[in-house]
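Each remark here refers to the structure printed beneath this line.
The values are calculated or read from the model by the stated rules, or taken from the named source; none is laboratory data. From a predicted model like this one, the values you see are computed outputs, not experimental measurements. Here the Cβ positions follow ideal geometry from the backbone for every residue, glycine too, while neighbour counts run over all protein chains shown.
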Amino acid sequence: MASMALLGTRHRASCKAMSTHILTVEDDERIRSAVKLALEDEGWTVEEAATGEDAIEAFRRHPAEVVLIDIMLPGIDGFEVCRSIRKTSDVPIVMVTARADTHDIVAGLEAGADDYLTKPFQPKELSARIRALLRRIKPTPSGHSKLLFDDLEIIPEEGKVLRDGEELHLTKTEFRLLVELGQNPGRVFSREALLDKVWGYGYFGDGRLVDVHVRRLRTKVEHDAANPRHVVTVRGLGYRLQ
Amino acid sequence: MSDVDDVPPVDVTAQLPVVMLRPVRLSWRRRLSRLWIRLRPQKPALRRRIFLTFSLGSFALSAFLAAATYSFAQNSLLRQRDHSAIDQAYRNARALQGDLASQPTASQITNRLHNFGVTQAVVEVQGQWIAVLTFGRAEIPTALQTRVLHDLVASRMVVSIHGEPQILVGIPLPEQNAAYFEFSSLAEVQSTLSGVGRSLLAAAIVTTGIGMLLGALASRRAVRPLAEAAQAAKAIAGGRLDTRLEPTDDPDLRLLAISFNDMAAALQARVERDARFASDVSHELRSPLMTLSASAEVLSSRREELPDEKSRAALDLLVGDVTRFQGLVEDLLEISRFDAGAIRLNREDLVLAEFVRQAVAVSSVPDATIRVSDRGEALVIAGDKRRLARVVANLLDNARFYGSGEISIDVSEVAGETDPLGHAWIAVEDHGAGVPMEERSLVFERFARGGSAGRRSLSEGAGLGLALVDEDVRMHGGRVWVEDRRDGESGARFVIELPAEEVGV
């Protein structure tokens, strides 16, 4: 955890230098302004969009490094915006939902979101989430630049995954999940461990983040997602890559 | 029994009585009256009345049918036996009359009668009594002797010899100055009758039993709609507001069902409207709160840049209360979700001790003492960890607000009694004033605030915290209560009991 926090700060510093570009999609003008103030306070550049249509257009014009989407939007909703952005980009997306226990969260994650927050959230929480999503992948401890799993080839340094020599398009979070699993081949990772390593959550992180991401990862990495050969569920324990 | 009848009368049998039936009828009456006495003072419940009506009805009917059948069987059997006895006696007497002309000896007479197939008979010839087998003059009542020998009238009567009923037919043979008496046993008839009686009794008992069974079924059936209505009302009172009665075709019950359902629908609409109002208000409050908390945070990060101490104090107040407000709105939203029945648990298996340690670590009292019993270490619960973490946090908050000194949290299996289902206890103890007996169930009500003497006046007390604890624990199939500290010191002990499993060590 300590080294990760360190990484986070270092990264934050570098973010400040490059001024990470964040797109927030929120129809309530006052919330938008307040969130913008808070995020700018972190040293990030914030671009606002009031509707889903505006957001898609803004992203097309100038791709952000993180997108924050409120699900409840007039016109096309947050899920749709999320899916639309995902078609062309692996950008980290944070969903803002009304409640924590509904179908919304799983639906948002399946639409391609990397993480979520429930309203009303503390801006501190939001920036912590964003920082976690922007974290760079740690270099492989083994020093190998390539991880090979049968037909699957992971090149952490280049952020590339090849299947049968063909490059797969993973989101940043999916890639990090895959690398975490791949750096310890065969080892079983609990949901808590993955939540910690990939999302920076503690014990009380939402396990559904892991489950939905694993599901999404399988549809890309596996030949048959229903019978995964690489990302395997170990009942009651977690997941492993083989 | 000893009346003597002239022969052709056929209705004699009426005197051979209903002996078999009598005891039954007697006890039937006695039982009925006893039953009546027992039941009379109270007004029997509807179910009981239906049951009794069926039982008594079937009992009366089967008893009546059994009695009638028995008496019919008895009549016809006896009449038949009577006729054949008289016929046979006449036939034998006639044959004997012919023989007597040749002045036979006694043994000749008995032989002759043996040949006729007679078993028990007595012949009187000129004052001499000849017994064919064992029965002699002594067995013939004097009334019959007089009637036959003196009045010269053929007669029959029923006599009982050694406890066995016999039809005794006496026929005067005046030409030979003789008389012929023939016995024919009714033992066979009697055993047939008692057989019939027994089977009728059995049939009556079975029929009554079936009647009682039908009565029980019918009464249950009859009150089932009432029981259903009562159940439904209970369910509604218990919070399942969408409970309705099944529509029915029965015109009597339809009205009940319709008005009940209308009432339930009206109640539901009202409760939902109230709940929606609370939920809408909270939803509406969330947007300004978002803005408030984000702005307050921006200000907060610039706290040191503020010109003076007053501004900083004002900012601290603002930030503190925005946080409190946010917590309150979240709690309100949560409770309205419970009211709307919209809560779904996101359950997973949690190692209880580990969970509690984690939950305490993120609570407002991260340094609370955690004690885990030996078996407590092996307990696993199926719970929504974020909800249960809030439960633990709320109990610790409560202990912090109302108690003083050390706060401790115990994790253990349910102590004492055997607990086949498996439950775990999480108990939070403080060193406050404790909760007086009369407030113990009230503290879990919404916006209940401990106001008793000796308690800190609270500025941060949530008001909904314990109500949410109660809701969450109940969602998990458990319960929560407050009691005195176990060690006898002053303070409250809040106990959560949750279904748990002990996993092999």
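Going by the structure shown, is B:Val372 crowded, with 16+ Cβ neighbours inside 10 Å, in contact (Cβ under 8 Å) with a residue 24 or more places away in the chain and not small (Gly, Ala, Ser)?
Working: crowded, with 16+ Cβ neighbours inside 10 Å: yes; in contact (Cβ under 8 Å) with a residue 24 or more places away in the chain: yes; not small (Gly, Ala, Ser): yes.
Taking the combined requirement at face value, the residue satisfies it.
Conditions: (1) farther than 22 Å from A:Asp211 by Cβ; (2) among the acidic types (Asp, Glu); (3) crowded, with 18+ Cβ neighbours inside 10 Å. A:Asp104 meets all but one. Number of the miss?
(1)
Out of all the residues in the stretch B:304-335, which are modelled with pLDDT of 90 or more, over 30 Å from B:Glu471 (Cα atoms) and surrounded by 11 or more Cβ atoms within 10 Å (Cβ to Cβ)?
Answer for the stretch B:304-335, where residues must be modelled with pLDDT of 90 or more, over 30 Å from B:Glu471 (Cα atoms) and surrounded by 11 or more Cβ atoms within 10 Å (Cβ to Cβ): B:Ser311, B:Arg312, B:Ala313, B:Ala314, B:Leu315, B:Asp316, B:Leu318.
Hey, B:Ser293 hits all of (1) within 8 Å of chain A (Cβ to nearest Cβ); (2) crowded, with 19+ Cβ neighbours inside 10 Å; (3) outside any helix (DSSP H, G or I); (4) not aromatic (Phe, Trp, Tyr) but one; which does it fall short on?
With respect to (1) within 8 Å of chain A (Cβ to nearest Cβ); (2) crowded, with 19+ Cβ neighbours inside 10 Å; (3) outside any helix (DSSP H, G or I); (4) not aromatic (Phe, Trp, Tyr), B:Ser293 is out only on (3).
So, of the residues in the stretch A:153-208 that are of a type in the set (Phe, Trp, Tyr) and closer than 23 Å to A:Glu65 by Cα, which turns out to be nearest to the other protein chains (Cβ to nearest Cβ)? Reasoning before the result, please.
Just the residues of the stretch A:153-208 that are of a type in the set (Phe, Trp, Tyr), to begin with: A:175, A:189, A:199, A:201, A:203-204.
Still in the running and closer than 23 Å to A:Glu65 by Cα: A:175, A:199, A:201.
Values: A:Phe175: 26, A:Trp199: 15, A:Tyr201: 11 Å.
So the residue we want is A:Tyr201.
Could you check the stretch B:263-287 and list, in sequence order, the residues that are basic (Lys, Arg) and in contact with a Pro (Cβ under 9 Å, 6 or more places away or on another chain)?
B:Arg286
Check whether at least one residue in the stretch A:222-241 is more than 15 Å from A:Phe175 (Cβ to Cβ), within 14 Å of another protein chain (Cβ to nearest Cβ) and part of a helix (DSSP H, G or I), and report yes or no.
Among the residues of the stretch A:222-241, not one is more than 15 Å from A:Phe175 (Cβ to Cβ), within 14 Å of another protein chain (Cβ to nearest Cβ) and part of a helix (DSSP H, G or I), which makes the answer no.
Which one is nearest to B:Leu267 (Cα to Cα) among residues in the stretch B:321-335 that are away from chain A (no Cβ under 11 Å) and in contact (Cβ under 8 Å) with a residue 40 or more places away in the chain?
Step one: list which residues in the stretch B:321-335 are away from chain A (no Cβ under 11 Å), which gives B:321, B:324, B:328, B:331-332, B:335.
When the remaining residues are screened for being in contact (Cβ under 8 Å) with a residue 40 or more places away in the chain, the result is B:324, B:328, B:331-332, B:335.
Values: B:Arg324: 34, B:Leu328: 27, B:Asp331: 25, B:Leu332: 22, B:Ile335: 19 Å.
Restricting to residues being away from chain A (no Cβ under 11 Å) and in contact (Cβ under 8 Å) with a residue 40 or more places away in the chain, the top hit is B:Ile335.
How many residues does the stretch B:260-290 hold that are away from chain A (no Cβ under 14 Å) and small (Gly, Ala, Ser)?
6
Please work out if B:Ser107 is free of Cβ contacts under 8 Å to residues at least 40 places away in the same chain and among the small types (Gly, Ala, Ser). Before you say what the answer is, go through the steps one by one.
Values: free of Cβ contacts under 8 Å to residues at least 40 places away in the same chain: yes; among the small types (Gly, Ala, Ser): yes.
It is true that B:Ser107 is free of Cβ contacts under 8 Å to residues at least 40 places away in the same chain and among the small types (Gly, Ala, Ser).
What are the residues in the stretch A:219-242 that are in contact with a His (Cβ under 9 Å, 6 or more places away or on another chain) and crowded, with 20+ Cβ neighbours inside 10 Å, if any?
Looking only at the stretch A:219-242, we keep the residues that are in contact with a His (Cβ under 9 Å, 6 or more places away or on another chain), and these are A:220-222, A:229, A:241-242.
Correct list: A:Val221, A:Leu241.
Among what's in the stretch B:438-475 and is at pLDDT 80 or above, in a loop (DSSP other than H, G, I, E, B) and out of contact with any Lys or Arg (no Cβ under 8 Å at 6 or more places or on another chain), pick the residue that is farthest from B:Ile426 (Cα to Cα). So that I can check it myself, show each step before the final result.
Going through the stretch B:438-475, the residues at pLDDT 80 or above turn out to be B:438-446, B:464-475.
After this cut, where a residue has to be in a loop (DSSP other than H, G, I, E, B) as well, the list is B:440-441, B:445-446, B:464.
Narrowing further to those that are out of contact with any Lys or Arg (no Cβ under 8 Å at 6 or more places or on another chain): B:440-441, B:445-446.
Working: B:Arg440: 18, B:Ser441: 18, B:Glu445: 20, B:Arg446: 22 Å.
Going through the qualifying residues, I end up with B:Arg446.
Give all pairs with beta carbons closer than 6 Å in which a residue from the stretch B:336-348 that is within 10 Å of chain A (Cβ to nearest Cβ) meets a residue that is modelled with pLDDT under 80 and surrounded by fewer than 19 Cβ atoms within 10 Å (Cβ to Cβ); count only pairs at least 6 apart in sequence or on separate chains.
Between residues of the stretch B:336-348 that are within 10 Å of chain A (Cβ to nearest Cβ) and residues that are modelled with pLDDT under 80 and surrounded by fewer than 19 Cβ atoms within 10 Å (Cβ to Cβ), the close pairs are B:Arg344/A:Asp101.
So that you can scan it fast, the table gives a plain yes or no per residue for (1) in contact with a His (Cβ under 8 Å, 6 or more places away or on another chain); (2) among the basic types (Lys, Arg); (3) at pLDDT below 90; (4) under 19 Å from A:Pro120 (Cα atoms):
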site	(1), (2), (3), (4)
A:His21	yes, no, no, no
A:Thr24	no, no, no, yes
A:Glu29	no, no, no, yes
A:Lys36	no, yes, no, yes
A:Trp44	yes, no, no, no
A:Glu53	no, no, no, no
A:Ile56	no, no, no, no
A:Phe59	no, no, no, no
A:Val67	no, no, no, yes
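Just one of (1) out of contact with any strand residue (DSSP E or B) (no Cβ under 6 Å at 6 or more places or on another chain); (2) surrounded by 13 or more Cβ atoms within 10 Å (Cβ to Cβ) trips up B:Tyr180, so point out which.
Checking B:Tyr180 against (1) out of contact with any strand residue (DSSP E or B) (no Cβ under 6 Å at 6 or more places or on another chain); (2) surrounded by 13 or more Cβ atoms within 10 Å (Cβ to Cβ), the one that fails is (1).
Taking B:Ala216, is it touching a residue at least 60 places away in the same chain (Cβ under 8 Å), surrounded by fewer than 20 Cβ atoms within 10 Å (Cβ to Cβ) and touching a Ser or Thr at 6+ places or on another chain (Cβ under 9 Å)?
Working: touching a residue at least 60 places away in the same chain (Cβ under 8 Å): yes; surrounded by fewer than 20 Cβ atoms within 10 Å (Cβ to Cβ): yes; touching a Ser or Thr at 6+ places or on another chain (Cβ under 9 Å): yes.
For B:Ala216, the condition - touching a residue at least 60 places away in the same chain (Cβ under 8 Å), surrounded by fewer than 20 Cβ atoms within 10 Å (Cβ to Cβ) and touching a Ser or Thr at 6+ places or on another chain (Cβ under 9 Å) - is met.
Of all residues in the stretch B:296-320 being within 28 Å of B:Ser363 (Cβ to Cβ) and among the aliphatic types (A, V, I, L, M), which is nearest to the other protein chains (Cβ to nearest Cβ)? Let's see the steps before the verdict.
Step one: filter the stretch B:296-320 for residues within 28 Å of B:Ser363 (Cβ to Cβ), giving B:296-301, B:303, B:312-313, B:315-320.
Adding the requirement that they be among the aliphatic types (A, V, I, L, M) leaves B:296, B:298-299, B:313, B:315, B:317-319.
Values: B:Ala296: 9, B:Val298: 5, B:Leu299: 9, B:Ala313: 22, B:Leu315: 15, B:Leu317: 18, B:Leu318: 14, B:Val319: 11 Å.
My answer is B:Val298.
Specify which of the listed residues (B:Glu354, B:Glu377) is in a helix (DSSP H, G or I) and within 14 Å of chain A (Cβ to nearest Cβ).
Values: B:Glu377 fails: within 14 Å of chain A (Cβ to nearest Cβ).
Within the list B:Glu354, B:Glu377, the selection yields B:Glu354.
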